[in-house]
C-alpha cells in the first residue's frame, strides 16, 4: 500500500471515530432532535380598519354606564362610539366627537344612512336616541344603562332606526368575533392557520396573528389524540384550528 493510501485510510478512520463519539455524547446527555411543528407558521394578515374598530369596542364590554363619559372606565353610548374609533385611529371617519343624535344627523346629511349593515358601521336606535357599533351576525355593542354589552340589534326595548355607513376598509377578516360572555374564547399562541377541515393537511383559509382571539363553536378529538376547534372569526367566517396552538 502506498503512503498516500495509508494517509487517506487514517483520515477516514479519524472521521468515523469523531462521529461515533458525537453520537455517544448526545445519547449520554439525553439530547434528542426537536420534532417539527405539525402546523406551518404562516405570515399573519394585518387587521382591516373595520376589524380594528370591532377589536377596540370589544375591549370595553363590561364597562359601566356613565352619562357624558368617553371612558376608559365608563361610557355613555356616543362616548363608547367615539372612544372605539379613536382607539382604532379612525376617529376622523366619524367626524370626531358628537352626541348620538348628532352622529345620526351628520350621516343623514352625508347620505350614509342604510338598512344594510357592514361590520364597523354605527347603529342608531330611536332616531338618534341611542347608538352603538355593528359587530356582525345581527349584533352590536353599545353602552346601555346596565353597562357596555354585546346584544342583538333588534333586542332593545327602543326601536331600531338604521345603520350609518362608515367609510372603512373591510376586506378579508382575520380578527376574532366578539363572543357572548358565556362563550369559550381562545387566543392564538403562535401564528395560527385556520383550516377548512380539522386536520393538518386541510386547506388553509386564512391565518391569524399571535394573540388573536376566536370564539369556539365546537371541539373534535381525532383518533391520533389531537384536538381541533371549530372557531368563528370577526366577519362570521368559520374554520378549524389545532387546540394545541391556542390558549384559554
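Available extension along the chain between residue 59 and residue 158 is 33.1 nm, counting 0.36 nm per residue and deducting the alpha carbon span.
Computed from the C-beta positions of residue 137 and residue 202 and an R0 of 30 Å, the FRET efficiency is 0.80 to the nearest 0.05.
Once both labels are positioned 7 Å from their Cα atoms along Cα-to-Cβ, the gap between residue 226 and residue 116 label points is 4.0 nm. By the count of other C-beta atoms within 10 Å, a proxy for reagent exposure, 212, 84 are ordered fewest to most as 212, 84. Across segment 49-164, the volume of the C-alpha convex hull divided among the residues equals 85 Å³ per residue.
As a rough footprinting exposure proxy, the listed residues 156, 164, 208, 245 were ranked by other beta carbons within 10 Å of their own, and the order from fewest upward is 156, 245, 164, 208.
Every number in this text was worked out from the coordinates using simple rules, so none of it is lab data. Fair warning: this is a prediction, and the values are worked out from it, not measured in the lab. For neighbour counting, all protein chains shown are included, and Cβ atoms are generated from backbone atoms with ideal geometry for every residue, glycine included.
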